[in-house]
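Below you'll find the structure, written out as C-alpha cells, and then a few comments.
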Amino acid sequence: MKNCLLLLTVLACLGCAPANQLNRFYFGMNKPTGGAVSEQAFNQFLQQEIGSRFPKGLTLFEAKGQWKSANGTIEQEKSRVVEIVCDDTPENRDKVAAIAAKYKALFAQEAVMVIKSQPEIVFH
C-alpha cells in the first residue's frame, strides 16, 4: 500500500513542474518618426530590461524583417531577435509582456512580435 501511495505521489508531481517556455521576441530597429534605434540604445535595453528580468541567459540574433504596418505600408527593417527559455509561469509571462511594452514605449514602436512555444529541451 505504501508503494502505491508513493507511486501516485510521484506521478502526481510529474505534472507539478512548470513547462519550459520559449519566448522569441522580434524587435524592429526603425523608428516610425525616422531614424533607427542605435546599437548602444538597444544594448542598454537588452541589459536593463531583458537581462535584469531573465539573468539566466538569452540568445540574440541580428535579422532583417518585413511586415505590413498599420497604415498598410510594407516595411523592411533591421531587427533583433531575442530568445529566452524560462519556466512557463504567470510571473514570467508578465515579464515577457513588460519587455514588449517597454520597447514599444521607449522606441515608439507599433508592435513587438513575441512567439511562444513549449520546446523539449535536451542538453547533450
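Are any residues in region 81-124 within 11 Å of the chain's Cα centre (by Cα), under 17 Å from Leu60 (Cα atoms) and in a helix (DSSP H, G or I), and if so, which ones? Across region 81-124, the qualifying residues are Val96, Ile99, Ala100.
Report yes if some residue within region 59-74 is in contact (Cβ under 8 Å) with a residue 24 or more places away in the chain, in contact with a Phe, Trp or Tyr (Cβ under 6 Å, 6 or more places away or on another chain) and surrounded by 11 or more Cβ atoms within 10 Å (Cβ to Cβ); otherwise report no. No; the residues of region 59-74 include none that is in contact (Cβ under 8 Å) with a residue 24 or more places away in the chain, in contact with a Phe, Trp or Tyr (Cβ under 6 Å, 6 or more places away or on another chain) and surrounded by 11 or more Cβ atoms within 10 Å (Cβ to Cβ). Under 6 Å by Cβ, and 6 or more places apart or on different chains, what pairs join a residue from region 95-121 that is farther than 16 Å from Gly65 by Cβ with one that is among the charged types (D, E, K, R)? Close Cβ pairs satisfying both conditions: Lys95/Arg53; Ile99/Glu49; Lys102/Glu49; Ala108/Lys31. The residue that is modelled with the highest pLDDT, among those in region 4-39 that are open to solvent by 60 Å² or more (accessible area, probe 1.4 Å) and of a type in the set (Ser, Thr, Tyr), is Tyr26. When residues in region 75-124 are screened for being basic (Lys, Arg), open to solvent by 30 Å² or more (accessible area, probe 1.4 Å) and under 20 Å from Ala41 (Cβ atoms), 3 of them pass.
Scanning region 32-80 for residues that are closer than 18 Å to Glu110 by Cα and under 13 Å from the mean Cα position of the chain (by Cα) gives a single hit, Arg80.
Restricting attention to region 40-80, the residues being in a strand (DSSP E or B), aliphatic (A, V, I, L, M) and modelled with pLDDT under 95 number 1.
The values are calculated or read from the model by the stated rules, or taken from the named source; none is laboratory data. Keep in mind the model is a prediction, meaning the values are calculated, not measured. Glycine gets a Cβ as well: all are built from the backbone with ideal geometry, and neighbour counts include every protein chain shown. Only protein heavy atoms, including side chains, enter the accessible area calculation; ligands, DNA and RNA are left aside. Shrake-Rupley method; radii C 1.70, N 1.55, O 1.52, S 1.80 Å.
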